Every structure is written in C-alpha cells, then in structure tokens.
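The values are calculated or read from the model by the stated rules, or taken from the named source; none is laboratory data. Quantities reported herein were computed from a predicted structural model and do not represent experimental measurements. Cβ: placed from backbone, ideal geometry, glycine included. Neighbour counts: every protein chain shown.
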Amino acid sequence: MTEDRMTELLERTASRIPASDPPLGALLRDGRRGLRRRRVGVVAASVVVVVVVAGVGTALISGGHRDNAPSVEPGPPPPPPPAGTRWAGIGRTVVAVPRGWSMWPGLYCSSNDGHDHVTIVEAGVTVGCYPNEGSLPPTEVVALEERDGTFQVQVDASPGSHSTHAVALQRRVEASRTTLSTGWLAVPLAASAEGVGASTADAEASALRAAGLRVSRVQEPAWDPGPQVRTVPAVGTPVKEGSTVIVYERVTPPASASMAGRLLWVGGPSAVDPAPHAGTVHVVGDGLDEYVAVHRGGRWSFQGPAGTYAVTASSPGYLSAAGVPDSCRADHRVRMRWTRPANVDVYCQLR
Amino acid sequence: MDRDAAFSEYAAARWRVLVRAGVLLGCDPAAAEDLAQLTLLRCYVKWPHVERAADRHAYVARIQLNLLRTARRRRWSGERPTELPDLPTADPATRLDDADALARALASLPAAQRQAVVLRFYLQLSERQIAEVARVAPGTVKSRLSRALTALAAHPGLAALREGPP
C-alpha cells in the first residue's frame, strides 16, 4: 500500500467520525480561569517575597486583580432552559425552542410589513419562510420583536395532522419568553442585501462586531453539507457581550495549494541539533519542475497546484563548495492540498 | 491579534482534526472530544509557546499525546477502547468499504504503531517530527511505520488495497 493511498484512506476514515462544533465559549472561559489561577499563583508568590522585604504585599495583590476586572460586570447567565430545549431569540429576548429545530442564518425572510424575520420551523415539516410558495401556512407563530428586527418562531402542522400539537407548542414557547441580564445578548443575524437568502460571511462578521462580539472566521470546503454561512454559537443563542463567535463560510477550493518548511543540516559524528542553512529547494511532480531559493534562515515556501511532489534540495557547503544538486531530501513525497499548507523539512544528512 | 482572537481562530480550525485524531488514536468519540478540549485548554494557557513553536501542529500533537498517555495511566485498570466506533454513512451498502476496513485494521495495530500511522498519515507530521513528539529515535519511527504499513497491507479487510488504488 502506498503512502499516498494510506493518507487518502485515513482522511476518508476520519471524515466519517462525527465531531461537534468547537465549544469555543467554554474553552475561552476555562482557559481564562486557568490563566488567572496561574497569574494568582505568580502574584501570590511575589507577594510573599515583597511582604518579607518591604511589608507591602497586600496592595500588590489587589492591584493585580483590578487589571483584569471588566468595567461593567455582566449579569447572571440565563437560567437553564426546560429539558430538551435551548434558548434562542434576538437582542435580549429569548424563548425556549426544541433542541432539534434547525436555525440557519440562511433562512432569512423579508415580510410585507418591512420587518425582517428569522423563521424557525419544526424539523422535517417545512423549510422556508412563510409565505413561501409550497410551504404550509403557519399554524401558530411566536414573534419576538426588537428594535433591529423580529425573531419569529413558526410552528407548522404536519400534513394531515391535527393542530392541537402546534397550539400547545406555541403556548409553551410563548410562556418561556425570558429577558437576558445586562451584558448578555442573542447572537445577531446580518441583514441580507436581497432580503431573502443567506447573508454573506462579511455581513455576518460586521453584524457580530457591531453587537460587541469578537469574530473568528473559518473557511470550510464547498462540498461539506450545510448552509453557506453559519455561526458557532448559532444565530439567536445567548452569549456574553465580548464573547467570540466563529463564522464558518463555505468556499470553493482555490486552484493552488502551498507547502513550507526549513532546509536543515542534520546528524554528523557529534549528532548536533538540526541547523538551518541556505540553498535551493527543488520541487518535482505532476508535470511541474520548480526551484525555490532558501535564504540563510533556512525557511522556504512554495505555492502551486495541489498534488504530490518529490522535494529535494542542494545546499552550498554540503558535500561540496557549491552543494551537490538534490543531495538533500524530504523524508517523504509531499501531498500538497488546498485545505492547509503542507509542512516539509528538507534534510541534508551529515555523515 | 490578541490571545483570545488568535486562539479562537486556531481552535476553530483545528477542533475537528483534534477530535478525529483522538478517535483514530483509540478514544471513543466522547473521550476524544474531552481530549481535544483539554488539549486546547492547555494551548490557551501556554499560548505564547504555541505561537512561538517552530511547528505548531507538532507542538500541539505532543500536548495531545501527553494528555492521552496521562489519561490512560490514570485509568490503567479501566476499559481501553481499541476499536473505532461504527462510522456513520448515508448508504448502508457502502459501510464495508476501504475506509471502514482501514478503521478496523488500525484498531488491531499495537498502540505505538497506530500512533505513528495517525501522526504521519493523518496529522501529516514528518518522521523527524513524530520522533520529537513521541520522544523516540527517528529510526524507531521509521521501523514502526514500516511494520504498521506491512501489517495493514496484510490485514484481511484491506486485501483489495494491496493491489493499489482501484
């Protein structure tokens, strides 16, 4: 079995392993806590020293804590939603909606009254915005109106079913209406230029920043299923002001890919640490034959079509004054993909 | 870019890779997510080191493997999942294809060989980087990979792959 074949199979195997979205909020919260503990530890140690030397340690401790304190303390988080539901809404108003309901930024509607609506529909019944042609008329609607728009929970009846279920659900959603504490808000949705259809990643990022949130952007390949633009946490989810929201955007893979790495002299009688050297890297494969200059720091990079390449190099001083051509090599053929730059070190083995 | 923004970008981009690497290394999916979360937490606290690392992916892979080793030492008498979970596919007829067969064959490898295969062919680390991450000699990595590839090629479930790509 070739190494390329193994890489391809392993990636296919991995792509089928389900992975949830990154718990970025929890990671940042726990990370900051961990960092604070470390800092407090360092501060505490400093204080002991200072107390011994000058007897003024207490003032230093309180000063250290004030540096990290936010100017306005956010209120408590929303209470846990009823079992099987999650909070979703707009601005500082949220309702508890069933967990299974989809909430994609792409579902963006402009109604006749001039307000924009996000529509959430019960999974598997109707996808679309009322009054889209072909969708069922909504049986019950819960609308949360805020200055910047309306967040609409639309409960549709399944074809042929009785609407009692929809009415009961609408009442439950309505009864759960909750106002978020100061310092909390629902992840906003950017207005779409056309009024209907997905907003762009740029627009979504701008809307998030305007709402006082931090933005992290990630590109996903266009062949992954899902909406054109989505966020984590999802649009409508309550978050603390200043939190980071990831905006995922599906993009068509670019035609070119890249690799980068170092040119290193390694080994030798005394087995010294790998040392970066200047030289010329030679990339060959898939009808391409290119040379890349490597400067004194040993770093080099190459951009070209995605594919598999042999990477060799020559380095002045290695094997001869001029460097024997292609006498240094990477320890494997390089598969260059658009998804991430390949990391390739090229080694000149000293004997 | 401040720490939170830089970290968030990195975490968002690498989360799935870390979770999937955890599963390929023998964790069940829930444990793999825990492991990925712990790895990223460690990265957040040591972010300046992560940013300065000559090879960030290799540095983070080392953190992940160290945490995995620690977790396994702690539950030495507990259950050790060695098989990958059933991989979801849309069409049941395609369940037993090459990738599924590889998943099962991978589970039959000794831990060190399996780790070398995942680091080399999934995380795309070089043999030298794997040697640094696993703290073994480069020659050991080479022999582990060679043995693993031989074992995988001989695995009955991967018989078709011995002939090369279809």
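Among the criteria (1) surrounded by 14 or more Cβ atoms within 10 Å (Cβ to Cβ); (2) touching a residue at least 60 places away in the same chain (Cβ under 8 Å); (3) more than 10 Å from chain B (Cβ to nearest Cβ), the one A:Pro274 does not fulfil is (3). Considering every residue within the range B:66-88, establish whether at least one is part of a helix (DSSP H, G or I), more than 27 Å from B:Ala154 (Cβ to Cβ) and modelled with pLDDT under 50. No; the residues of the range B:66-88 include none that is part of a helix (DSSP H, G or I), more than 27 Å from B:Ala154 (Cβ to Cβ) and modelled with pLDDT under 50. Residues of the range A:15-40 that are touching a Phe, Trp or Tyr at 6+ places or on another chain (Cβ under 6 Å) and either more than 8 Å from chain B (Cβ to nearest Cβ) or of a type in the set (Gly, Ala, Ser) (or both): A:Gly31 alone.
On inspection, B:Ala5 passes the criterion of being among the small types (Gly, Ala, Ser), surrounded by fewer than 21 Cβ atoms within 10 Å (Cβ to Cβ), within 7 Å of chain A (Cβ to nearest Cβ) and within 19 Å of A:Gln219 (Cα to Cα). With respect to the conditions (1) within 9 Å of chain B (Cβ to nearest Cβ); (2) assigned to a loop (DSSP other than H, G, I, E, B); (3) modelled with pLDDT of 80 or more, A:Gly317 falls short on a single one, namely (1).
Checking each residue of the range A:161-178 against the condition of being small (Gly, Ala, Ser), assigned to a loop (DSSP other than H, G, I, E, B) and modelled with pLDDT of 60 or more gives at least one match. Scanning the range A:1-36 for residues that are surrounded by fewer than 17 Cβ atoms within 10 Å (Cβ to Cβ) and touching a residue at least 12 places away in the same chain (Cβ under 8 Å) returns A:Glu3, A:Asp4, A:Asp21, A:Arg36. Scanning the range B:109-159 for residues that are of a type outside the set (A, V, I, L, M, F, W, C) and not in a helix (DSSP H, G or I) yields B:Pro110, B:Gln124, B:Ser126, B:Arg135, B:His155.
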